[in-house]
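The values are calculated or read from the model by the stated rules, or taken from the named source; none is laboratory data. What you are looking at is a predicted structure, and each value in this text was computed from that prediction instead of being measured. Quick reminder, even Gly has a Cβ in these numbers, built from the backbone with ideal geometry, and neighbours come from all protein chains shown. What goes into the accessible areas is simple: the full protein's heavy atoms, side chains included, and nothing from ligands, DNA or RNA. Shrake-Rupley method; radii C 1.70, N 1.55, O 1.52, S 1.80 Å.
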Amino acid sequence: DSVVYWMRMEDVRIEDNTAFALAGKKAEELGVPLIVLYVLSPGDYTWHDRSSKKIDFILRNLRWLKPKLDELNIPLYIKSYDKRLQIPRRLVTEVFPELGANHVFCNIEYQIDELRRDIATVKRGREKGIEVVPVHDRLVVPPGKVMSKAGKPLSVYSPWQRAWADLLSKDKTYLEMSDIPKGNDASLKKDKRFGKLFDVTPIPDHVEGFELKDSEEVHKLWPEGTDAAKELLHRFLHTKARKQQLQLVSPLSEGAEEDDKKSRLKVYQDGRNLVDGDHSSRLSPYLASGVISGRMVLNEAKTMGSKGRLETGRDTGLGMWVQEVAWRDFYNHVMAIWPRVSMGRPFLEKFADVQWEVNEDHLQAWKDGKTGYPIVDAAMRACAARGWMENRVRMVTACFLVKDLMLDWRLGEKHFMQSFIDGDLAANNGGWQWTASTGTDPQPYFRIFNTLTQSEKCDPNGDYIRYWVPELKNLKGKAIHDPFHSLPSNEFKKLGYPAPIVDHKKARERALFRYKNVGEKE
Ligand code: FAD
């Protein structure tokens, strides 16, 4: 017999991992081996628009974990299933019996397809006498716990966040972390039945269809492993900010100059919306793939709060940051409570019938960073190279797609998922629905970003644009934000940079009209 910890796609760590810890305890109690199972599911990756950068990141993290598990004499057993809907049946009839597993622990994934898969696995397991136990782990506060005083779910962030912070201050158990299991006896490696599990399943180099081009730069930028995540966390919370930093440099690389005046948290507080430097934690790929947990992050933040309390107010950099981490919980709560948002539906159903444009050329120009709006193009090119964007330009590029190009927000949501190394269904969907004014707590539809003003605010000297849009690298002053209207036409032509594909003023009018008159034709 054995106990299996079924590691989920976005669960790739052994520290502070609830299901892993519970599986370890059960194995100890029963005196049987503990096995880690990881199921690769290319069908799911395609279905859910996973990016090759993210799949590669996960495989790298698994490779990083393997020797750690080896030290604990725990085999990492990898299975790959192309047909996603067969997974429950095949696990219960093939894999669990093969591993002799009577008890299986896993952390819950809150997307609707994954919840259905788990329900099917639990049911099928029960029929065969195998106990499959999904547990809460992914969020700091599980869905269903943050409620209004009347016991109703909250869909507006501010009251939700206050209730979330209140819960954390009153109930210390939310921030309690799990121990790493003791592991198996070394003799397991020589065991006739289980010994072979240590060798038979190498972690693949790549998943077919998700091969990564330009991997070297991406690997440098996003080093794998919980230790790298902890180093990033430490660097963000405890070190001084660096001066301007090239956008493609790994935050953990050496050689960047230190600016000893301001802490990173102070820079975050003052300039979180700037994109021309290294202003935020860059932890999202690690949190999204579960390489580090929300609890680990908040416990570290807690050590810095006054009297060891978790700061949650917006008057300090630390509190502001904790509130951002809370958004991650918030959007996952929204997805768990209103699953329609993970099924391509707007939260506000009244906006289901907004009239969208169908324009492949505009969509492609947006994806390629060739819209003629430099800040949009810079961010989209940065996204393609790094698999990551600063929060402000996620909002700017998203708003441009939805309100200026009047293209369906779901097309943008899909493209971000297919590009990001930190793609997270709940956060991405939440961000898009906020921008498209269809979400739980949205930007009202009549507040439309002026791309040019946003550009001047978030990249005041144009350094970000100059770095990512080489056609504009010699432009000085304000022209960098709007070269088409700032330069004489013959000079503009020489740049080899596209003219704006839409006129913002007209596009704004169109968006206002279409949102106001949902369902009616122009
Ligand atoms: P920090 O500012 O250092 O924040 C720390 C952590 O808090 C982040 O790593 C992230 O886990 C969480 N966080 C911060 N802001 C948000 C937010 N608005 N919503 C949810 N969690 C947040 N974030 C993703 O992790 N994956 C996505 O796929 C994603 N898609 C987005 C799409 C759009 C259109 C928008 C507007 C935002 C999206 N975000 C997404 C949220 C946010 O932009 C990123 O989490 C953030 O930029 C990551 O950088 P950081 O780790 O340096 O953030």
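General remarks:
- 21 Å Cα-Cα threshold exceeded, pairs from Lys266/Lys302; Lys370/Lys494; Lys54/Lys123; Lys83/Lys196; Lys414/Lys516; Lys26/Lys170: Lys54/Lys123; Lys83/Lys196; Lys414/Lys516; Lys26/Lys170
- Helix content alone sets the calculated 222 nm mean residue ellipticity of the chain: runs of n ≥ 4 DSSP H residues at -39500 (n - 2.57) each, divided across all residues, give -13000 deg cm²/dmol.
- Heavy-atom accessible area ranking, 1.4 Å probe, most first, across Asp214, Asp171, Asp118: Asp214, Asp171, Asp118
- Accessible area per residue in Å² at 1.4 Å probe, computed on the range 349-516: 41 Å²
- Nearest-10 value in Å² for the accessible area of Lys172, using the 1.4 Å probe: 120 Å²
- Spin-label pair Glu360-Asp171: with each label point 7 Å from Cα along the Cα-Cβ axis, the two points sit 5.2 nm from one another.
- Accessible surface of the chain [probe 1.4 Å, protein heavy atoms]: carbon and sulfur percent: 51 percent
- What the Cα convex hull of the chain gives, in volume per residue, is 163 Å³.
- One Cα centroid belongs to the range 413-461, the other to the range 1-70; the line between them spans 31 Å.
- What separates the Cα centres of the range 322-338 and the range 173-219 is a distance of 29 Å.
- Area of Arg508 that stays accessible when all protein chains are in place (1.4 Å probe, Å², to 10): 80 Å²
- Electrostatic dipole magnitude of the chain [Cβ: Lys, Arg +1; Asp, Glu -1; Cα centre; debye, to 20]: 900 debye
- For Lys182, solvent-accessible area (1.4 Å; no DNA, RNA or ligand), Å²: 150 Å²
- Rg/Rh for the range 388-522, where both radii come from Cα atoms and Rh is the Kirkwood radius: 1.00
- With eigenvalues of the C-alpha gyration tensor scaled by 5 and rooted, the range 378-450, Å: 19, 13, 10
- For the range 313-428, a crude dipole built from +1 on the beta carbon of Lys and Arg and -1 on the beta carbon of Asp and Glu, taken about the Cα centre, is about 140 debye to the nearest 20.
- Cα Rg over Rh - the range 38-77, Kirkwood: 1.08
- Equivalent ellipsoid, the range 1-135 (semi-axes from 5 times Cα gyration tensor eigenvalues, Å): 22, 19, 12
- Longest exposed-site-free window of the chain, the sites being chymotrypsin sites (Phe, Trp or Tyr not before Pro) in a DSSP loop that have at most 15 other C-beta atoms within 10 Å: 1-355
- Per residue accessible area in Å² of the range 1-115, where ligands, DNA and RNA are left out and the probe is 1.4 Å: 31 Å²
- Amide proton proximity set for Ser2, modelled H, under 5 Å, gap of 5+: Ala101, Asn102, His103
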